[in-house]
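Report on one structure; see the data block that follows.
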């Protein structure tokens, strides 16, 4: 019986994680813009990408924890500063 309950719990958790992945995160900013490729002052090349529009929080950025980038599928890992 314990094995059945454990299997059901694991299935439910996997389904919830997949739903979050497919929906684009748990609060990602729905407004975005394209950023052209460019070279920084230090000489590092930044490839073209899509970024969320600026606002008063970092919690809804694609790279913030709890969010998923809908364009790349990457899960956010950064803790917002504000």
Checklist line | Close pairs from the stretch 20-46: first within 18 Å of residue 60 (Cα to Cα), partner surrounded by 11 or more Cβ atoms within 10 Å (Cβ to Cβ) and modelled with pLDDT of 95 or more, Cβ under 8 Å, at least 6 apart | finding: 35/46
Margin query: Looking at 43, 73 in this structure, which one is in a loop (DSSP other than H, G, I, E, B), on the phi > 0 side of the Ramachandran plot and under 10 Å from the mean Cα position of the chain (by Cα)?
Written below: 73
Note to self: Checking the conditions here, which among 61, 29 is surrounded by 10 or more Cβ atoms within 10 Å (Cβ to Cβ), assigned to a loop (DSSP other than H, G, I, E, B) and at pLDDT below 90?
What the structure shows: 29
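The values are calculated or read from the model by the stated rules, or taken from the named source; none is laboratory data. Since the model is a prediction, treat every value here as computed from it, not as a measurement. Note that each Cβ is placed from the backbone with ideal geometry, even for glycine, and that neighbours are counted across all protein chains shown.
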